[in-house]
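First comes the structure, then the notes that go with it.
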Amino acid sequence: MTGYFFNPNIHPYTEFNKRLETLDNYARLTLLPLVVDKEYNLRDFLKGALDYGEDRCLFCYHIRLEQAFQTATKDGYKGVTTTLLYSKYQRHDDIKKIGETLSDKYGLLFLYRDFRLGWKQGIEESKRLNMYRQNYCGCIFSEFEGHKGR
């Protein structure tokens with residue numbers, strides 16, 4: 001298993017760097033091989049997200065999973081899964097559907113599992129390891145929605 005980081009959706013850029021640093025530290029601690037794609041194409045992400053409107057998450061899921069499938073194909077991996085499946089806030093049915101479509105397109109396995117079963121243990125472990133924990137999904141829209149009610 002190899003970790004893969006591709007997140008042009010995370011805003012602002014300082015948040016992107018915090019999350020990457022946290023993952024990098026975790027990967028070193030656990031000896032997880034890690035491939036990092038630092039591409040941060042803000043304009044294309046925002047344009048795509050705006051074009052999708054209220055369904056912007058579908059755009060985000062698709063571009064990130066497609067990039068993971070392309071990288072897995074290029075690097076000779078047999079399959080792809082995603083940490084999106086760990087979050088109880090993500091749209092699992094949509095992620096599964098996109099993953100299965102990309103699986104057919106690239107001829108790789110898409111491993112769907114409901115990783116939310118480990119939600120509480122994951123939070124406890126991240127706190128034990130003193131990991132940075134974000135309070136919104138990643139994009140500027142989720143950051144805004146997370147704070148507008150406060």
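Below is a table of values for the structure above.
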| quantity | calculated |
| --- | --- |
| Segment 13-58-segment 101-150 distance, computed between alpha-carbon centres (Å) | 11 |
| Segment THR14-ASP55, length gained on full extension (0.36 nm per residue, minus Cα span) | 12.2 nm |
| The chain: Cα Rg divided by the 2.2 N^0.38 Å rule of thumb | 1.04 |
| Proximal charge balance of LEU85 [Cβ under 12 Å; K/R count +1, D/E count -1] | +2 |
| Percent RCO, i.e. relative contact order, over the chain, from Cα pairs under 8 Å lying at least 6 residues apart | 24 |
| Positive-end extreme of charge dipole, segment 3-148 - chosen from VAL80, SER126, ASN7 (charges on Cβ) | SER126 |
| Count of lysine pairs in segment 3-148 with Cα separation under 20 Å (8 or more residues apart, or interchain) | 14 |
| Phi to ³J(HN,Hα) by Karplus 6.51 cos²θ - 1.76 cosθ + 1.60 over segment 59-74, Hz, x for Gly, Pro | 4, 4, 4, 5, 5, 6, 5, 5, 4, 5, 5, 4, 5, 4, 5, 4 |
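The numbers here are math on the coordinates, done by the rules we state, and not lab data. Model, not experiment: these values are computed from the prediction. Here the Cβ is made from the backbone with ideal geometry for all residues, glycine too, and neighbour counts use every protein chain on show.
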